[in-house]
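These notes concern the structure reproduced below.
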Amino acid sequence: MLVLLTGHTGYLGTVMAPVLAEAGHDVTGLDSGLFAGCLLGPAPKDPPSIDVDLRDLRPEHLEGYDAVIHLAALSNDPLGSLAPELTYDINHHASVRLAELAKDAGVGRYLYASTCSVYGASGGGGLVDEDAPLRPVTPYAESKVRVEDEVSKLADDAFTPVYMRNATAFGFSPRLRADIVLNNLVGHAYLSGEVLVLSDGTPWRPLVHAKDIARAFTAALEAPREAVHNRAFNIGTERNNVTVAEIAQEVVDAVPGSKLRITGEAGADPRSYRVDFSRFREAIPGFDCEWGVKDGALQLIDAYRDYELTKEQFERRFTRLNWLSDRRADGSVDETLRHR
């Protein structure tokens, strides 16, 4: 298929583009380039791209594609809290408009990167499936709920939206994020010898490797229409439903000589949920995630060592909020985000 991949120079997009290409698809990227410079190791070979802000899309940008895979978003909770109007402008309004333009251009399939964060404060009792109540607690998660609701109304015989509710991502990408839980704990342990947990360690977190997310999107792209049409899918595996304390222990086991310290100073995180991922496996027979938490921790420690991760990179370049703040001398949010 001819595929337009938004956010192709982000953490997930950098992993997904080559997976799609290896599956035989013709990929064009679309990105504003905010995080293109967040590199650890050699620069990847990116696909041909359209360099444009999501909010500035024109109808001609969507012409000729069979599918749109929409990853582009402001995906950091502190950034969302600092400037929630930007999160809603980009993550919500621009994402819905992208779907509208895609439908008008005759694009047949729209794969939307949603999140298991939509379950938010569901608690860690039983497994939540796609029909569970949505209880987002951040602007980021709320924006995803709004997009799913509005885009679902666009579905018809010629336009198939699919909502991919990814668990919390982990694992190495050439464009690294260090502000997500496993990547962060491994980085801190590698640089300091300490696995530092600021919460009490009790919240549940479903995790999924970036490569498995890429594989899942490729499978949904290729699936029969009736299997995925206008449906939401949790993306991950029950094996990776783990508490923060369990994640931290996997990091201790992966990073030689590291020690665990749970301070509890941040208190109990209200976001806690365990997720049922069976619907996607039923829709796509034979699909399952390949990466476990320990495997991801080992991959990360190898990458951090091989590419000589530094404390400055870890604390500034590979966190979303700090990277944007660094791009302005006064430390405010990058002006390119406010271009309207």
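Take the conditions surrounded by 18 or more Cβ atoms within 10 Å (Cβ to Cβ), within 30 Å of Lys311 (Cβ to Cβ), among the polar types (S, T, N, Q) and touching a residue at least 40 places away in the same chain (Cβ under 8 Å) and apply them to Thr14. Does it pass?
On the way: surrounded by 18 or more Cβ atoms within 10 Å (Cβ to Cβ): yes; within 30 Å of Lys311 (Cβ to Cβ): yes; among the polar types (S, T, N, Q): yes; touching a residue at least 40 places away in the same chain (Cβ under 8 Å): yes.
Spelling it out, Thr14 is indeed surrounded by 18 or more Cβ atoms within 10 Å (Cβ to Cβ), within 30 Å of Lys311 (Cβ to Cβ), among the polar types (S, T, N, Q) and touching a residue at least 40 places away in the same chain (Cβ under 8 Å).
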Expected output for region 195-215 (first residue over 12 Å from Ile180 (Cβ atoms), partner among the basic types (Lys, Arg), Cβ below 8 Å, 6+ apart or cross-chain) is Val195/Lys259; Val195/Arg261; Leu196/Arg261; Val197/Arg261; Pro203/Arg271; Trp204/Arg274; Pro206/Arg274
When Gly171 is run through (1) surrounded by 23 or more Cβ atoms within 10 Å (Cβ to Cβ); (2) at negative phi, the failure sits at (2)
The condition of being of a type outside the set (S, T, N, Q) and in contact with a Ser or Thr (Cβ under 9 Å, 6 or more places away or on another chain) holds, among Leu86, Leu30, Leu62, Leu101, only for Leu30
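With among the acidic types (Asp, Glu) and buried (at least 19 other Cβ atoms within 10 Å of the Cβ) as the only criterion, which of Glu142, Glu150 stands out?
Details: Glu150 fails: buried (at least 19 other Cβ atoms within 10 Å of the Cβ).
So the residue among Glu142, Glu150 that is among the acidic types (Asp, Glu) and buried (at least 19 other Cβ atoms within 10 Å of the Cβ) is Glu142.
Restricting attention to region 174-185, which residues are more than 17 Å from Leu39 (Cα to Cα) and open to solvent by less than 30 Å² (accessible area, probe 1.4 Å)?
Restricting attention to region 174-185, the residues satisfying the condition of being more than 17 Å from Leu39 (Cα to Cα) are 181-182, 185.
Result: Leu182, Leu185.
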Subset of region 1-28, residues over 25 Å from Arg316 (Cβ atoms), touching a strand residue (DSSP E or B) at 6+ places or on another chain (Cβ under 9 Å) and not β-branched (Val, Ile, Thr), comes to Met1, Leu2, Leu4, Leu5, Met16, Ala17, Pro18, Leu20, Ala21, His25, Asp26
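Check Ala178, Ala141 and return the single one that is closer than 25 Å to Val68 by Cα and either small (Gly, Ala, Ser) or in contact with a Pro (Cβ under 7 Å, 6 or more places away or on another chain) (or both).
Details: Ala178 fails: closer than 25 Å to Val68 by Cα.
Answer to the check: Ala141.
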Ser199 meets each of (1) touching an Asp or Glu at 6+ places or on another chain (Cβ under 7 Å); (2) at pLDDT 95 or above; (3) hydroxyl-bearing (Ser, Thr, Tyr) with one exception, condition (2)
The correct count of residues that are under 19 Å from Leu221 (Cβ atoms), of a type in the set (Ser, Thr, Tyr) and open to solvent by 40 Å² or more (accessible area, probe 1.4 Å) in region 50-81 is 0
Gly41 vs (1) open to solvent by 30 Å² or more (accessible area, probe 1.4 Å); (2) not in a loop (DSSP other than H, G, I, E, B): all pass except (2)
In region 279-312, residues that are closer than 29 Å to Ala132 by Cα, part of a loop (DSSP other than H, G, I, E, B) and not small (Gly, Ala, Ser) total 7
Considering region 26-38, residues that are of a type in the set (A, V, I, L, M) and part of a strand (DSSP E or B), and then whichever is surrounded by the most Cβ atoms within 10 Å (Cβ to Cβ), we arrive at Leu30
Note on Ala248: of the conditions (1) modelled with pLDDT of 95 or more; (2) more than 16 Å from Met164 (Cα to Cα); (3) within 22 Å of the chain's Cα centre (by Cα); (4) open to solvent by 50 Å² or more (accessible area, probe 1.4 Å), unmet is (4)
Within region 186-215, the residues that are open to solvent by 10 Å² or more (accessible area, probe 1.4 Å) and hydrophobic (A, V, I, L, M, F, W, C) are Leu191, Leu196, Leu198, Trp204
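Any chance region 82-90 includes a residue that's under 29 Å from Met1 (Cβ atoms) and either modelled with pLDDT of 95 or more or open to solvent by less than 30 Å² (accessible area, probe 1.4 Å) (or both)?
First pass over region 82-90, keeping only residues under 29 Å from Met1 (Cβ atoms): 90.
Narrowing the set further to residues that are either modelled with pLDDT of 95 or more or open to solvent by less than 30 Å² (accessible area, probe 1.4 Å) (or both) leaves 90.
Checked against the condition, which is being under 29 Å from Met1 (Cβ atoms) and either modelled with pLDDT of 95 or more or open to solvent by less than 30 Å² (accessible area, probe 1.4 Å) (or both), region 82-90 yields at least one hit.
Residues checked against (1) touching a residue at least 60 places away in the same chain (Cβ under 8 Å); (2) touching a Lys or Arg at 6+ places or on another chain (Cβ under 7 Å):
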site: Glu100; (1), (2): no, no
site: Asp104; (1), (2): no, no
site: Tyr110; (1), (2): no, no
site: Leu127; (1), (2): yes, yes
site: Pro133; (1), (2): no, no
site: Glu150; (1), (2): no, no
site: Arg165; (1), (2): yes, no
site: Ser173; (1), (2): yes, no
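Filter region 252-269 for residues that are part of a loop (DSSP other than H, G, I, E, B) and either open to solvent by less than 60 Å² (accessible area, probe 1.4 Å) or within 24 Å of Met164 (Cβ to Cβ) (or both) and give the result. Show your work before the answer.
Pass one, region 252-269, residues part of a loop (DSSP other than H, G, I, E, B): 255-258, 268-269.
If the condition is that a residue be part of a loop (DSSP other than H, G, I, E, B) and either open to solvent by less than 60 Å² (accessible area, probe 1.4 Å) or within 24 Å of Met164 (Cβ to Cβ) (or both), then Val255, Ser258, Asp269 are the ones that fit.
The values are calculated or read from the model by the stated rules, or taken from the named source; none is laboratory data. All of these numbers come straight from a predicted model, not from anything done at the bench. With ideal geometry, Cβ positions are generated from the backbone for all residues, glycine too; neighbour counts draw on all protein chains shown. Heavy atoms of the whole protein, side chains included, go into the accessibility calculation; ligands, DNA and RNA do not. Shrake-Rupley method; radii C 1.70, N 1.55, O 1.52, S 1.80 Å.
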